[in-house]
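Throughout, read-outs are computed from the coordinates displayed, never taken from laboratory work. Just so it is clear, the model here is predicted, and its values are computed rather than measured. Positions of Cβ are generated from backbone atoms using ideal geometry, with glycine treated the same way; all protein chains shown enter the neighbour counts.
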Amino acid sequence: MNIKINRQGSIESFDIPFQSTTLLKALFYIKQQEDNSLTFSSNCRSGVCGTCAVRVNGKEVLACSYNYQEGDLVEPLAYHEVQRDLKVNKQKVRETLKNSKAWLQSSQQAEITQEQVELTQKQTDCILCDSCYSSCPVLELNPNFIGPFALTRAYRYTADPREGNIQSIVDTIQTNGIWDCTLCGNCTEVCPQGIDPKMDITMLRGTSSQFGYNDPNFQAMDFGFGGF
Ligand code: SF4
Ligand code: SF4
């Protein structure tokens, strides 16, 4: 089997002398047997920590969960600073959690039903692999876009009965936030945890409407009825 790796813009080809297994095992093989300078990130090796996310043929996967195929092109996550080969710096992207105020703003006493817990259980499963962020086409045009996982987390807190200041979160995600999303669904497609950021953003739009916000793109549209 042969795979290709994008190393700082240079595509290098490697032969793996065994049938398809996980991409992470292939990367370790290359590092141990062919080129010990190959650099990538991994930790739990069982799909739990999200550290080993990369792009294969343009689509985000966890290297420890993906079985490589002949001719695969492996690249680092998009919109991240590449430190070396497949290793990226996730620090700057973590800032989006601050930018979306994705935590309890003002804690209040509230009874929480099992149903309410289940409503945001999925969002709580985010492992911060950044796959959704890398897949989002909006970041190509607007690097300040808050991005999917931080908006998913913002939704998680707006739907939490213990949040006493939903308005604060809603106000924060209006600029470079929910209205910039094109609802393309890429983020939902690549999430290894089955989280649906597209739906969460849709829900945040509904909540924002309740606080008096509207889609600014819609308001700015000229429907050609001006003279009538
Ligand atoms: S649905 Fe929205 S947040 Fe998700 S990838 Fe598409 S544009 Fe980005
Ligand atoms: S929402 Fe899914 S794809 Fe995005 S960072 Fe969390 S686990 Fe990864």
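Inside the range 3-61, residues that are on the phi > 0 side of the Ramachandran plot and not small (Gly, Ala, Ser) make up a count of 3. Restricting the range 121-149 to residues that are touching a strand residue (DSSP E or B) at 6+ places or on another chain (Cβ under 7 Å) and closer than 17 Å to VAL48 by Cβ, the residue that is farthest from ligand 1 (Cβ to nearest atom) is CYS129. Listed by position, the strands (runs of 3 or more DSSP E) inside the range 1-98 whose residues that are among the aliphatic types (A, V, I, L, M) and farther than 13 Å from SER134 by Cα number at least 2 are 2-7, 73-75.
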